[in-house]
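Presented below is the structure to which this report refers.
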Amino acid sequence: MEDVLLTLLGDNLVIVLLAGVILLSLFLGIRIVPQSEKHVVERFGRLRSVLGPGINFIIPFLDRVAHKVSILERQLPTASQDAITSDNVLVQVETSVFYRILEPERTVYRIRDVDAAIATTVAGIVRAEIGKMELDEVQSNRSQLIQQIKVLVEDAVDDWGIEVTRAEILDVNLDQATRDAMLQQLNAERARRAAVTEAEGQKRAVELAADAELYAAEQEAKARRVLADAEAYATSAVARAIQDNGLEAAQYQVALKQVEALTTVGGSAGSQTILVPADAVAAFGDAFKMLRGRG
């Protein structure tokens with residue numbers, strides 16, 4: 001009886017142990033990888049495979065997950081480094097880089113500290129690129145400089161299985177002496193522009209005054225031409241009248257002018273008495289006769 005019990009107990013123990021081994025194998029062989037990660041599997045210390053998001057199977061006791069790598073986009077801490085421009089101005093540049101790991105098997109086996117490696121690479125590239133540019137170009141072509149830095153960093157970290165998603169230059173700081181010099185230059189430029197604007201205004205005023213004088217002269221000349229044309233027409237009319245009517249028309253014109261002269265003298269202030277030559281009276285008489293005759 002005791003032998004039977006021992007046999008049954010032994011059989012049950014074997015079954016329990018087998019069940020335990022199976023459960024442990026399933027536990028070790030099934031790997032659920034989150035969406036934001038990739039797992040690097042090694043077999044006897046060598047790269048075996050890379051597990052993507054979802055359910056994965058490995059061989060228990062032979063394979064093991066050696067590295068769990070996040071594939072989320074990462075941002076390096078803001079770094080500040082000194083650089084000297086081509087016109088010998090010392091600037092302090094603050095940069096930030098965003099990246100994500102695409103091939104974790106290359107990242108974990110080719111570089112020990114990826115963040116430090118990228119930061120060092122960025123610092124060297126920034127110094128080299130700024131050294132090719134003058135200060136004004138650094139300030140005005142910042143977007144172009146950022147793009148160039150991003151391209152160069154991508155080329156440098158390509159062997160590490162990394163994608164540089166964005167590179168930013170947050171600020172470009174100058175020392176106080178350079179700032180003071182730039183402020184003086186800015187004030188001088190503003191003063192120059194103000195002087196140029198004032199000179200242009202004065203020039204424009206002179207041009208407008210000259211245009212006004214020229215216009216007035218042109219109008220006066222036009223008026224004189226009109227008056228001259230009128231006088232020429234009147235003279236031409238008198239000439240035609242003399243030609244048509246002979247001496248009578250000439251005497252009529254003379255008499256008319258004499259009457260107009262007497263009217264003007266008589267209408268002037270302080271003229272109470274008018275002395276007329278004796279021969280003029282006869283001429284006036286003839287003029288009145290001619291006027292009545294014309295009427």
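The values are calculated or read from the model by the stated rules, or taken from the named source; none is laboratory data. Predicted model, so just to flag it, every value in this text is computed and none were measured. Because the Cβ atoms are built from the backbone with ideal geometry, glycine has one as well, and the counts that use them run over all protein chains shown.
Residue by residue, here is whether (1) in the same structural domain as Glu103 (by TED's automatic domain parsing); (2) surrounded by 10 or more Cβ atoms within 10 Å (Cβ to Cβ); (3) assigned to a helix (DSSP H, G or I); (4) under 27 Å from the mean Cα position of the chain (by Cα) holds:
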| site | (1), (2), (3), (4) |
| --- | --- |
| Lys132 | yes, yes, no, yes |
| Gln144 | yes, yes, yes, yes |
| Ala167 | yes, yes, no, yes |
| Ala199 | no, yes, yes, no |
| Tyr215 | no, yes, yes, no |
| Glu218 | no, yes, yes, no |
| Ala232 | no, yes, yes, no |
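Every residue in the stretch 68-111 that is closer than 30 Å to Pro34 by Cα and of a type in the set (Asp, Glu), please. Answer for the stretch 68-111, where residues must be closer than 30 Å to Pro34 by Cα and of a type in the set (Asp, Glu): Glu73, Glu103, Glu105.
Here the condition is being under 20 Å from Ala167 (Cα atoms), of a type in the set (Gly, Ala, Ser) and modelled with pLDDT under 90; of Ala79, Ala123, it holds for Ala79 alone. Pairs please, first residue from the stretch 41-60 and without any contact (Cβ under 8 Å) to a residue 60 or more places away in the chain and part of a loop (DSSP other than H, G, I, E, B), second anywhere and aliphatic (A, V, I, L, M) and surrounded by 14 or more Cβ atoms within 10 Å (Cβ to Cβ), Cβ atoms under 7 Å, 6+ apart in sequence or on different chains. Matching pairs, first to second residue: Gly52/Val33; Pro53/Val33; Ile58/Val41; Pro60/Leu28. If you go through the stretch 113-130 and keep only what is within 19 Å of Thr178 (Cβ to Cβ) and surrounded by fewer than 18 Cβ atoms within 10 Å (Cβ to Cβ), you end up with just Arg127. Per the conditions (1) surrounded by fewer than 15 Cβ atoms within 10 Å (Cβ to Cβ); (2) under 18 Å from Glu129 (Cβ atoms); (3) not acidic (Asp, Glu), the sole criterion not satisfied by Leu72 is (2).
Suppose the filter is charged (D, E, K, R), farther than 24 Å from Arg112 by Cα and not assigned by TED's automatic domain parsing to the domain that holds Tyr109; does Arg31 pass it? Considered against the rule, which asks whether it is charged (D, E, K, R), farther than 24 Å from Arg112 by Cα and not assigned by TED's automatic domain parsing to the domain that holds Tyr109, Arg31 comes out as yes.
Among the residues of the stretch 70-125, those identified as more than 20 Å from Gln148 (Cα to Cα), of a type in the set (A, V, I, L, M) and either in a loop (DSSP other than H, G, I, E, B) or in the same structural domain as Val40 (by TED's automatic domain parsing) (or both) are Ile71, Leu72, Val89, Leu102, Ile111. Here Ser96, Ser86, Ser80 are screened, and the one residue that is under 30 Å from Leu174 (Cβ atoms), surrounded by 15 or more Cβ atoms within 10 Å (Cβ to Cβ), under 35 Å from the mean Cα position of the chain (by Cα) and of a type in the set (Ser, Thr, Tyr) is Ser96. Output the residue which, of all residues in the stretch 27-43 that are modelled with pLDDT of 90 or more and exposed (fewer than 12 other Cβ atoms within 10 Å of the Cβ), is farthest from the chain's Cα centre (by Cα). Checked the stretch 27-43; the qualifying residue farthest from the chain's Cα centre (by Cα) is Ile32.
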